[in-house]
Amino acid sequence: MPVFQYVVLNGKTTPELIEIEQAIGDKALDQHPVTGEPIKRVMHSPSLTLNHSSGNESKILSHDNLVKNGFSIFEKDSSADFYTQTVGQSKAKKDS
C-alpha cells in the first residue's frame, strides 16, 4: 500500500508532516487519526528507486561477485535429496 504525506493544520510555524499508509482508492483523511487535529494531504512526486536493471542484477549476482563478498551457492542434486556447494569455499569446522 502507498504511504501518503499529510500536513497537520495546527497553526505552528514549523509545519508537522505525518505519513499514513492507505489504499490508493481511499478517500483523503481530514482528521489526524490519533489527535483529531485537522490535516490535509500533501501532493508530491513519488519516491522511486530505479537503480534496478537486469544488467546490474546479473553483475551483482555473478559467481565472482558472490565469492568476493563471502557468499556461497548451494544447488539441489536432482538425483538425491541433498545440496552441493557450487560457488564459494566451505569453511572447515574447528574442533573446540
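Values in this text are rule-based calculations from the coordinates and carry no lab data. Since this is a predicted model, take the numbers as computed values, not measurements. Don't worry about glycine lacking a Cβ; one is built from the backbone with ideal geometry, like all the others, and counts go over all protein chains shown.
Taking θ as phi - 60°, what are the ³J(HN,Hα) couplings along the stretch 64-75 by the Karplus curve (6.51, -1.76, 1.60), each to the nearest whole Hz, with x for Gly and Pro?
Whole-Hz 3J(HN,Hα) from phi for the stretch 64-75: 4, 5, 5, 5, 4, 9, x, 9, 10, 10, 10, 10.
When the Karplus curve 6.51 cos²θ - 1.76 cosθ + 1.60 is applied with θ = phi - 60°, which whole-Hz ³J(HN,Hα) does each residue of the stretch 27-36 get, with x for Gly and Pro?
5, 4, 6, 10, 9, 4, x, 9, 8, x
Would you tally the net charge around L9, using a Cβ to Cβ cut-off of less than 12 Å, leaving L9 out, and scoring K and R as +1, D and E as -1? Working shown, then result.
Details: positive: K12, K40, R41; negative: E16, D30, E37.
Once all neighbours under 12 Å are counted, the net charge is 0.
Rounded to the nearest angstrom and ordered from largest down, what semi-axes does the equivalent ellipsoid of the chain get from its C-alpha gyration tensor (root of 5λ)?
Value: 51, 17, 16 Å, ordered largest first.
Under the rule of -39500 (n - 2.57) per DSSP H run of 4 or more residues, summed and divided by the residues of the chain, what mean residue ellipticity at 222 nm is obtained, to the nearest 500 deg cm²/dmol? Spell out each step's value before the answer.
Working: 2 runs with 13 residues, N = 96.
Taking each H run of at least 4 residues, the total per residue is -3000 deg cm²/dmol.
Can you list residues from other chains, or at least 5 along the same chain, whose modelled amide H is less than 5 Å from the amide H of I39?
Residues meeting the amide H criterion: L9, Q31, H32.
What distance in nm separates the simple spin-label points at S72 and K40, each placed 7 Å from Cα in the Cβ direction?
That separation, rounded to one decimal, is 6.0 nm.
Under 12 Å from the Cβ of F82, count the other residues' Cβ atoms, weight Lys and Arg +1, Asp and Glu -1, and hand me the total.
-2
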